[in-house]
Amino acid sequence: MTTPSSVQSRLPANPADTGTGTTAEQRPEATVKRMLIGGRWVESRTGAWREVISPAHRGRVLGQVPEAGPDDVDRAVAAARAAWPAWRDQHFTARQRQLLKIADLVEQRADELARITAADTGNALRTQARPEVATLVDLFRYFGGVAGEVKGYTLPAGPAQLQYTRQEPLGVVGGILPWNSPLMIAGFKVPAALAAGNTVVLKAAEDAPLSILLLAEICQDVLPPGVLNVVTGAGATVGQALVNHDGVDKVSFTGSTEVGRRIAQQAASRLAHVSLELGGKSPSIVFPGEVTDALIDGLLLSSRVTRQGQSCTAGTRLFVHRDVHDEVVARLVTRMSALTVGDPLDEATDIGAIINETQFRTVGDYLDEGLSDPRLTLELGGLPPDTGPLAEGYFHLPTLFSGADNSFRLAREEIFGPVLVAIPWDDVDDVIRMANDSAYGLAAYVWCDDIHRAVDTAHRLEAGWVQVNQGGGQVVGQSYGGYKQSGIGREVSLEGMIAGFTQTKQINIQLADR
Ligand code: NAD
């Protein structure tokens, strides 16, 4: 393997035309997927199409989806509004039955969904895509199960008054998805919004719409027309149209902090409800103690390296106590070296591909910066190979730098690549200060045998989600969301569903005057 000076200089010319605007007839019918609007599979009004490109094979076209525009958003919102009263007015057990039925159908087609999501996201089938589908099933079951918990309160206001609240749905929810784990994020939004009595227009990410369209197909067999609509296309057009549409009562966005900030401003200008799940740069704090295999496995899991680091909760700022720093780094290098990078659909693969060329280049820029900084030591990884199978896709290697401090750009910015930075620490107050010295506040991880110190640290961290001695993904029922610039609002839980997808109506009634 040669080590070129820059990742930018070595991208082969893209062998395929990956532009938009081709007609469906130019591609085999099997690769063409339409959008779901009002229970029908439709093309965009303009007739434009967008190609979906494989992250693992540069230029390989996986399929075509409609390049929707504002007109398509209009008809999707109209369909969702038309479907809303009947959906809202059902007894909760009717909505519950439908969500539970969808969970069963998703489970039956789990492998198909996992393969499609592995193909268009580049996430490895075994380590990421299958677990993500399992979480999606859990989310439909969970929100179906709690559909009856959308309850109000009665005030003890004396015998002549009946004073109570109702939790009523908001109306039409516009859900905007990122590409990094589209099925799981759809699972954070769709079943919760539907269980509470809303209807939904979902906008799939440009790069990874195929599994979302299959999910729509499964839902369509169960739900009345218009209850769930899915549109595809560019954020700047179709996403914008959804955010600015007067018929959308709530915008539920997951994506980058930069786009989220703009969406918050636009939604605020028309006083629409909005929730934001945004970026992160999560700290992982290792206290002194025995360096066990469980610790190393946990650090690896929490770093989301097997998701190419393309996770908002990736614990990639490794604060390791100086007493164990060298041992932890050495053991991590050994463990990470054993990971297989390769075709996401190969069962042997641990780490799949980066989503697209832009992200591949962005991660490459960070690597270039790390490699050219004499203060940093490259412990493992570095620039990707420029020949062989990995050069055929957007693959980066698991990479670990040491020698950083918390001021380095690699330690402050969300890289969204499999790049970890180890920073030694000596003093607990100091490491908590460093961990909190970030614009983000999504997740954090604490590794400590002393449960009292661990819990104290967890309480002092400015993050919406802290895990102690474990590093897995979100589990159904937990309150999930960010502090600071990582977001506003909570998902995944009953309380998040009530706060995020309902509004409170107070009703006061004069009864008999005694
Ligand atoms: P992105 O912000 O570029 O895009 C997200 C979605 O927004 C896409 O569907 C895109 O088309 C749409 N969009 C883009 N511009 C828009 C606009 N002006 N108006 C309306 N919609 C627009 O993010 P991404 O690159 O797809 O995803 C990666 C980012 O998402 C990372 O920052 C990651 O941390 C974050 N993320 C956060 C969470 C979380 O739960 N907090 C989960 C997953 C990803």
### Message
I'd like to verify a number: residues in the stretch 457-475 that are farther than 25 Å from Met184 by Cα and out of contact with any strand residue (DSSP E or B) (no Cβ under 9 Å at 6 or more places or on another chain), how many?
### Response
1
### Task
Considering only the stretch 385-447, give the strands (runs of 3 or more DSSP E) lying wholly within it that have at least 1 residues that are farther than 24 Å from Phe360 by Cα.
419-425, 443-447
### Query
Restricting the search to the stretch 276-322, which residues are of a type in the set (D, E, K, R), on the phi < 0 side of the Ramachandran plot and within 16 Å of the ligand (Cβ to nearest atom)?
Glu277, Lys281, Arg307, Arg317
### Message
Here is a list: Ala76, Ala118. Which entry is closer than 26 Å to Gly247 by Cβ and among the small types (Gly, Ala, Ser)?
### Response
Ala76
## Note on the structure
Flagged in the stretch 314-342 as crowded, with 24+ Cβ neighbours inside 10 Å and assigned to a loop (DSSP other than H, G, I, E, B), in numbering order, are Ala314, Gly315, Thr316
### Summary
Checked Ala422, Ala439, Ala435, Ala404 against criteria (within 16 Å of the ligand (Cβ to nearest atom) and over 25 Å from Asp207 (Cα atoms)); the one match is Ala439
### Query
Quick check: anything in the stretch 448-462 within 16 Å of the ligand (Cβ to nearest atom) and either at negative phi or part of a strand (DSSP E or B) (or both)?
yes
### Task
For the stretch 149-176, name all the residues that are under 34 Å from the mean Cα position of the chain (by Cα) and among the hydrophobic types (A, V, I, L, M, F, W, C).
Val150, Leu170, Val172, Val173, Ile176
### Message
Quick check on the stretch 330-339. Is at least one of its residues closer than 26 Å to Arg433 by Cα and touching a residue at least 60 places away in the same chain (Cβ under 8 Å)?
### Response
yes
### Query
Taking the stretch 463-480 only, how many residues are outside any strand (DSSP E or B) and under 23 Å from Gln310 (Cβ atoms)?
10
#### Entry: Failed item, numbered, when Gln90 is tested on (1) of a type in the set (S, T, N, Q); (2) within 27 Å of the chain's Cα centre (by Cα); (3) outside any helix (DSSP H, G or I)
(2)
### Query
Looking at Gly388, is it exposed (fewer than 15 other Cβ atoms within 10 Å of the Cβ) and at positive phi?
yes
### Message
Suppose we keep only residues that are more than 17 Å from Leu214 (Cα to Cα) and of a type in the set (Phe, Trp, Tyr) within the stretch 27-84. Which one would you say is surrounded by the fewest Cβ atoms within 10 Å (Cβ to Cβ)?
### Response
Trp84
### Task
Hey, can you tell me all the residues within the stretch 311-346 that are more than 19 Å from Asn180 (Cβ to Cβ) and charged (D, E, K, R)?
Arg322, Asp323, Asp326, Glu327, Arg331, Arg335, Asp346
### Task
Have a look at Glu290, Glu277 and point out the one that is of a type in the set (Asp, Glu) and more than 23 Å from Glu462 (Cβ to Cβ).
Glu290
### Query
If you check Ile185 against the conditions, is it under 30 Å from Arg409 (Cβ atoms) and crowded, with 24+ Cβ neighbours inside 10 Å?
yes
### Task
Please state which one of Asn469, Asn436 is at positive phi and not small (Gly, Ala, Ser).
Asn469
### Message
Quick check on the stretch 472-502: of everything there that is within 12 Å of the ligand (Cβ to nearest atom) and among the aromatic types (Phe, Trp, Tyr), which residue is surrounded by the fewest Cβ atoms within 10 Å (Cβ to Cβ)?
### Response
Tyr483
### Query
Taking the stretch 30-62, which residues are closer than 25 Å to Ala80 by Cβ and touching a Leu at 6+ places or on another chain (Cβ under 6 Å)?
Lys33, Val52
#### Entry: Residue list for the stretch 356-412, restricted to those being among the aromatic types (Phe, Trp, Tyr) and touching a residue at least 40 places away in the same chain (Cβ under 8 Å)
Phe360, Tyr366, Tyr394, Phe395
### Task
Run down Ser275, Ser372, Ser337 and say which single residue is closer than 29 Å to Tyr480 by Cα and not β-branched (Val, Ile, Thr).
Ser275
### Task
Could you check, for the stretch 133-140, whether at least one of its residues is touching a residue at least 12 places away in the same chain (Cβ under 8 Å) and closer than 17 Å to Cys312 by Cα?
yes
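Only the coordinates and a few stated rules stand behind these numbers; no lab work does. Here the structure is a predicted model, which means the values were calculated and not measured. Backbone-built Cβ (ideal geometry, glycine too); neighbour counts: all protein chains shown.
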